[in-house]
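Notes follow once the structure below has been shown.
The values are calculated or read from the model by the stated rules, or taken from the named source; none is laboratory data. If you're wondering where the values come from, they're calculated on a predicted model, not measured in any experiment. Methodologically, a virtual Cβ is constructed for each residue, glycine included, from the backbone with ideal geometry; neighbour enumeration extends over all protein chains shown.
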Amino acid sequence: MNNAPASQIAPPAPPIVFPLSLLCLSASWGGLELNTVRFAGWMRERGWPVQLITLKGSPMAVRAEEQELPVAFLTNPLKAVDVPAAARLAALLRAFGTRVLIVTRNADLALAVLCRALRLPALHVVYQQHMQLGLAKRSFVHTLRYRALAAWLSPLPGLAREVLQKTRLPADRLHVVPLGIELEKFASSAPTQAEARQQLGLKLPNGAVLLGLIGRFDEAKGQLFVVESLAKLRLRHPQLHLLLVGEPTRNVGSAYRENVLHRVQELGLTGAVHVRDFTPHPEVAYRALDVSITASTNETYGMVTIEAMASRLPVVASAAGGTMELVDDGRTGLLFPPHNAAAFGRCVERLLTAPELALRLGQQAQAEALVAYSHHRQCELTEQILRGLGL
């Protein structure tokens, strides 16, 4: 027991931090890119020196500069064998004093490992996984690449099991670190549902029930499936309306979005389907809803599902990919087989006929989301791993 006077007790040592760089050479703007920029900002707020390395003029670069994050620019036209790019990357890392390089896009792993092998052997490379592996990666080249990693951060236990099955990554370097979200704004009770609908310019009839699918327009996200399912459901439940919020997938074009809107007209749903562009305040869109829909055919993680859960909404979701780990069927949401319109309809009708079920699902979903998927937890778990690297 320490009986020394308070004035003689040394203050606790400050936590160990060291310069970090995040590498993501993507020209797109989706969940991976958004999460990378957000994570960089969160770690900076926690006292870590952080720089983002990305493509000049990319959406990531623009967003990072808006947040006054240190940004460095790089291209690697020769991809996995781009030795000159590896040298340029090493120069950027040396200039910043980087001790750990966190790679968030699988396509950039080869460049990071090449940089370490040729220029910076003391560099610790950490992979923050955002996508599924797909095919097995147990070849000699993949094995060398993955064994050069100091740590692999997988966002869900199922994805971590897949890594062990499909690669030869040493198991002690694999860690489950859920990707985080600033959930407080989604859990807030403001604005009210009426205020949110007014902000979105929604004029719904009395008694309307608003379903919503939030996310970029992409065939894999299932907007067309939901529109066609709504047409059938409204034959029995004319109070149903649908809100779609999002923009076309960047670098793909707007053909799919236009196809969805054309189908809305064909089905006579113009007055029941409400389309809004991407919003920097998605919490307002969730607040306007009665039910959140996730109709993706193979969602790796599903940030929008977590946002909806944190918003205390009942979630109706396709049983595919990481969604099956996020949503516990019957407890935190309802699952249906992908593209099964009959099963989807039954889920929606269960909520319409049992409002107490909708309330219970939303409450349990919010409680679980706030515990498991907070951005504070992602940062804390990542810090534990980084400080355990022996730097």
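Which of the helices (runs of 4 or more DSSP H) found entirely inside the stretch 273-391 contain at least 3 residues meeting this: under 22 Å from residue 186 (Cα atoms)? Before the answer, list the steps.
Values: elements: 282-288, 303-310, 323-326, 341-353, 355-372, 375-387.
By residue number, 282-288, 303-310, 323-326, 355-372, 375-387.
Output the number of the condition that residue 360 fails; it satisfies all remaining conditions of (1) without any contact (Cβ under 8 Å) to a residue 40 or more places away in the chain; (2) under 19 Å from the mean Cα position of the chain (by Cα).
That leaves (2) as the condition not met.
When residues of the stretch 151-201 are filtered for being crowded, with 20+ Cβ neighbours inside 10 Å, in contact (Cβ under 8 Å) with a residue 60 or more places away in the chain and under 20 Å from residue 102 (Cα atoms), how many remain?
10
Conditions first: (1) in a helix (DSSP H, G or I); (2) over 25 Å from the mean Cα position of the chain (by Cα). Residue 203 passes all but one, so which condition is the exception?
(1)
Read through the list (1) out of contact with any Leu (no Cβ under 6 Å at 6 or more places or on another chain); (2) surrounded by fewer than 16 Cβ atoms within 10 Å (Cβ to Cβ); (3) in contact (Cβ under 8 Å) with a residue 40 or more places away in the chain; (4) acidic (Asp, Glu), then give the number of the only condition that residue 325 fails.
Here residue 325 clears every test but (1).
Do you know which of the residues in the stretch 206-225 that are within 25 Å of the chain's Cα centre (by Cα) and in a loop (DSSP other than H, G, I, E, B) is surrounded by the fewest Cβ atoms within 10 Å (Cβ to Cβ)? Steps first, answer last, please.
Residues of the stretch 206-225 that are within 25 Å of the chain's Cα centre (by Cα), as a first pass: 210-225.
The next check asks that each one be in a loop (DSSP other than H, G, I, E, B); those that pass are 215-216, 218, 222.
Numbers: 215: 28, 216: 22, 218: 17, 222: 23.
Checking each candidate, the answer is 218.
Take the residues of the stretch 323-357 that are of a type in the set (Ser, Thr, Tyr) and within 22 Å of the chain's Cα centre (by Cα): which is nearest to residue 312 (Cα to Cα)? Break it down stepwise before answering.
Just the residues of the stretch 323-357 that are of a type in the set (Ser, Thr, Tyr), to begin with: 323, 332, 353.
From what is left, the residues that are within 22 Å of the chain's Cα centre (by Cα) are 323, 332.
Numbers: 323: 17, 332: 10 Å.
Looking at the filtered set, the residue picked out is 332.
Among the residues of the stretch 163-186, how many are at pLDDT 95 or above, under 23 Å from the mean Cα position of the chain (by Cα) and assigned to a helix (DSSP H, G or I)?
Adding up the residues that qualify gives 5.
Quick one: in the stretch 325-377, of everything that is charged (D, E, K, R) and within 16 Å of residue 299 (Cα to Cα), which residue is modelled with the lowest pLDDT?
Per the criteria, the residue is 325.
Only one residue in 262, 237 is over 27 Å from the mean Cα position of the chain (by Cα) and either outside any loop (DSSP other than H, G, I, E, B) or crowded, with 17+ Cβ neighbours inside 10 Å (or both). Which one? Give the derivation first.
Numbers: 237 fails: either outside any loop (DSSP other than H, G, I, E, B) or crowded, with 17+ Cβ neighbours inside 10 Å (or both).
Only one candidate passes the filter, namely 262.
Of all residues in the stretch 110-148, which are within 23 Å of the chain's Cα centre (by Cα), closer than 23 Å to residue 43 by Cα and in contact (Cβ under 8 Å) with a residue 60 or more places away in the chain?
112, 126, 128, 130, 131
Taking the stretch 105-130, which residues are more than 16 Å from residue 84 (Cβ to Cβ), in a helix (DSSP H, G or I) and out of contact with any strand residue (DSSP E or B) (no Cβ under 7 Å at 6 or more places or on another chain)?
106, 107
Assuming residue 231 fulfils every condition listed in (1) modelled with pLDDT of 95 or more; (2) crowded, with 16+ Cβ neighbours inside 10 Å; (3) in contact with a helix residue (DSSP H, G or I) (Cβ under 8 Å, 6 or more places away or on another chain) apart from one, which condition is it?
(3)
Pull up the stretch 280-310, narrow it to residues that are of a type in the set (S, T, N, Q) and over 13 Å from the mean Cα position of the chain (by Cα), then point me to the one that is surrounded by the most Cβ atoms within 10 Å (Cβ to Cβ). Quick ask: steps written out before the conclusion?
From the stretch 280-310, those of a type in the set (S, T, N, Q) are 292, 294, 296-298, 300, 305; that's our starting set.
Still in the running and over 13 Å from the mean Cα position of the chain (by Cα): 292, 294, 296-298.
Values: 292: 27, 294: 25, 296: 24, 297: 15, 298: 12.
Within the stretch 280-310, the match that is surrounded by the most Cβ atoms within 10 Å (Cβ to Cβ) is 292.
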